[in-house]
Amino acid sequence: MYLSFTPRFLQNMFSDLVWRIDSHEADIYLTFDDGPIPEVTPWVLDTLDEYHAKATFFCVGENTERFPQIFNDLKSRGHAVGNHTYNHLSGWSNDNLDYILNVRKGAIANGSRLFRPPYGRLRPSQTRYLKHHYKIVMWDVLSGDFDPKLSAEACYQNVIKNTRQGSIIVFHDSLKSYKKLQSVLPRVLEYFTIQGYNFKALDPMELVPASGQMVYEENSILSL
């Protein structure tokens, strides 16, 4: 069970996480989770280029290390990078120390202090620690491209009906989502281009204070 949009009361309840961008322009923020992989990510990059669209890729650290050329290509095309753990772990299914060490390993692999938890699942104790060292980015709109029970048309409608100015939208550059993504992503890009929207990448310099530092020392997390 999941919602295709994040209700405002939840965003207000967890206001120290990033759900959307307070933009004064017609900007929306496409994000892609789980890559990079050679079967999907290059197609996504080429499709974005057709619409002069920028996006943010929340990369799994082991994929980044396996496919460095694709990772470097997405950065060279002007897209932003975030961390999606090293092994796509759920915070609910792992104890605090193992999970946070995995987040740290992913942050090192991706060189980013933007972090999105896989499945959006974090324990409160994990959130309390991680938010001091990373900017945790959630979403305003969940496309549902990962859901085998959801049609491509329903996925498309999820996005166009729930997106507003400043929305952060989740897609996946994964094998599970690829067929649906091939149908939905070009239509989303075309629809919002006609509506006059700009597709922007998240700006780490705006979200993360320049004075902040990633914490790599294991001693700092042994007390969790």
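Every number here is computed from the coordinates shown, using simple stated rules; none is lab data. Model, not experiment: these values are computed from the prediction. Cβ: placed from backbone, ideal geometry, glycine included. Neighbour counts: every protein chain shown.
For the reader, a short list of remarks on this structure follows.
- Amide H contacts under 5 Å for Gly82, placed H, 5+ residues apart: Phe57, Phe58, Cys59
- Here's the picture: charge each Lys and Arg Cβ at +1 and each Asp and Glu Cβ at -1 in the chain, and of Phe58, Leu89, Pro68 the one pushed furthest to the positive end of that dipole is Leu89.
- Within-11-Å neighbourhood charge of Gly196 [Cβ basis; K, R +1; D, E -1]: -2
- Order of His88, His172 under a 10 Å beta carbon neighbour criterion, fewest first: His88, His172
- Cα convex hull, the chain: 119 Å³ per residue, rounded to a whole number.
- Given R0 = 22 Å, the distance between the Cβ atoms of Tyr119 and Ser15 translates into a calculated FRET efficiency of 0.55.
- Packing-based exposure ordering (other Cβ within 10 Å, fewest first) of Ile70, Ile37, Ile108: Ile108, Ile37, Ile70
- Site pair Leu101 and His24 shows an inter-label distance of 4.7 nm when each label is modelled 7 Å from Cα along Cα→Cβ.
- Gain upon complete extension [Lys149, Asp203; 0.36 nm per residue less C-alpha separation]: 16.1 nm
- Other residues lying with their Cβ under 12 Å from the Cβ of Val40 contribute a combined charge of -3, Lys and Arg counting +1, Asp and Glu -1.
- The residue among Leu189, Tyr99, Phe32 whose Cα reaches farthest toward the positive pole of the charge dipole of the chain, with charges on the beta-carbon of Lys, Arg, Asp and Glu, is Tyr99.
- Bridge orientation summary for the range 8-220: considering DSSP beta bridges with both residues in this region, about 5 percent are antiparallel.
- Positive-end residue of Gly166, Phe146, Gly111, charge dipole of the range 111-205 with Cβ unit charges: Gly111
- In this structure, the amide hydrogen of Asp27, modeled 1.01 Å from its nitrogen in the peptide plane, lies closer than 5 angstrom to those of Gly166, Asn198, counting only residues at least 5 positions away or on a different chain.
- Neighbours of Leu17, meaning other residues whose beta-carbon lies under 11 angstrom from its beta-carbon, give a summed charge of +3 when Lys and Arg score +1 and Asp and Glu score -1.
- Cross-link table Lys105/Lys149; Lys131/Lys161; Lys54/Lys176; Lys105/Lys180; Lys105/Lys179, entries beyond 26 Å C-alpha to C-alpha: Lys105/Lys149; Lys131/Lys161; Lys105/Lys180; Lys105/Lys179
- Karplus-derived 3J(HN,Hα) values for the range 23-37, using 6.51 cos²θ - 1.76 cosθ + 1.60 with θ = phi - 60°, are 9, 9, 10, 7, 10, 10, 10, 6, 10, 10, 9, 5, x, x, 9 Hz; glycine and proline are entered as x.
- Note on the range 8-220: with charges restricted to the Cβ of Lys and Arg (+1) and Asp and Glu (-1), its dipole about the Cα centre is near 460 debye.
- Centre-to-centre, using Cα atoms only, the range 137-170 and the range 98-135 are separated by 23 Å.
- Along the chain, longest interval not containing exposed GluC sites (Glu not before Pro), exposed being DSSP loop plus at most 14 other Cβ atoms within 10 Å: 40-216
- Residues Lys54, Lys161, sorted so that the one with the fewest Cβ neighbours within 10 Å comes first: Lys161, Lys54
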